[in-house]
């Protein structure tokens, strides 16, 4: 049972435009959410996170929005750059108690120069 | 500051053999988690070690076992290898506590012939 879902396997965006990656979850006990970026032959790199007590967290060009009632979060990248081309994974965690990560299946972002 | 390091990077084994993968956590981290990533999927949680004990375990058989050493490094052992064990094995380290992101190594690519 996939508790974290990324329904768009791929996304293409022009350089300079906004990239919006979406993620849905089913487990209402999740209270910490993370986005990771993965290049080929490398491990996932932590990008940004958000706690369930917030609805927005910003770090430079990256902003994560959380809508708990809809069990939905999104990652906005503005402006998108060719170096952002990678696979993006959404992950979620329950804390305290079980603090393992549940991952989505990833969205491949391609930023077109 | 060294990040999470894993060895070896690639490994080829045959069915029925046993394998040991190694992980050194990021400096200052005391918790190590192991994940299996099949092609086209997100990482799946295997187990987590803290204070040299297995604290959490995902839905993996007993053929998968691990260990954490006093210096926080960790090993993942898989016995009686099956073809389906072919995957990328990722190690992640973190600090115990709320809202602490896990940081990943580049993984070990295990191929079973």
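The values are calculated or read from the model by the stated rules, or taken from the named source; none is laboratory data. Since the model is a prediction, treat every value here as computed from it, not as a measurement. When we count neighbours, we look across all protein chains shown, and the Cβ atoms used for this are built from the backbone with ideal geometry, even at glycine.
Kindly indicate which of A:26, A:110, A:105 is touching a residue at least 24 places away in the same chain (Cβ under 8 Å) and over 25 Å from residue B:58 (Cβ atoms). Full working, then the answer.
On the way: A:26 fails: over 25 Å from residue B:58 (Cβ atoms); A:105 fails: over 25 Å from residue B:58 (Cβ atoms).
Just one listed residue meets the conditions, A:110.
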Going through A:82, A:113 one at a time, which residue ends up being touching a helix residue (DSSP H, G or I) at 6+ places or on another chain (Cβ under 6 Å) and exposed (fewer than 14 other Cβ atoms within 10 Å of the Cβ)?
A:113
For residue B:70, work out the one condition from (1) farther than 23 Å from residue A:48 by Cα; (2) assigned to a strand (DSSP E or B); (3) modelled with pLDDT of 95 or more it doesn't fulfil.
(2)
Test residue B:40 against the criterion of being at the interface with another protein chain (Cβ under 10 Å from one of its Cβ atoms), out of contact with any strand residue (DSSP E or B) (no Cβ under 8 Å at 6 or more places or on another chain) and either surrounded by 15 or more Cβ atoms within 10 Å (Cβ to Cβ) or free of Cβ contacts under 8 Å to residues at least 24 places away in the same chain (or both), and give yes or no.
yes
Could you count how many residues in the range B:5-41 are more than 18 Å from residue B:58 (Cβ to Cβ) and in a loop (DSSP other than H, G, I, E, B)?
15
Requiring at least 2 residues that are more than 14 Å from every other protein chain (Cβ to nearest Cβ), the strands (runs of 3 or more DSSP E) wholly within chain A are A:10-14, A:19-25, A:56-59, A:62-67, A:72-77, A:107-112
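Scan B:49, B:35 and give me the residue that is under 25 Å from residue A:37 (Cα atoms) and more than 8 Å from chain A (Cβ to nearest Cβ).
Details: B:35 fails: more than 8 Å from chain A (Cβ to nearest Cβ).
Selected residue: B:49, the only one of B:49, B:35 that is under 25 Å from residue A:37 (Cα atoms) and more than 8 Å from chain A (Cβ to nearest Cβ).
Within the range B:74-109, how many residues are more than 14 Å from chain A (Cβ to nearest Cβ), within 15 Å of residue B:18 (Cα to Cα) and touching a strand residue (DSSP E or B) at 6+ places or on another chain (Cβ under 6 Å)?
Going through the range B:74-109, the residues more than 14 Å from chain A (Cβ to nearest Cβ) turn out to be B:74-86.
If we keep only those that are within 15 Å of residue B:18 (Cα to Cα) too, we end up with B:75-86.
Subsequent filtering for residues that are touching a strand residue (DSSP E or B) at 6+ places or on another chain (Cβ under 6 Å) retains B:75-78, B:81, B:83, B:85-86.
Going through the range B:74-109 one residue at a time, the tally reaches 8.
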Hey, does the range B:16-28 have a residue that's within 12 Å of chain A (Cβ to nearest Cβ), within 29 Å of residue A:4 (Cα to Cα) and in contact with a strand residue (DSSP E or B) (Cβ under 9 Å, 6 or more places away or on another chain)?
yes
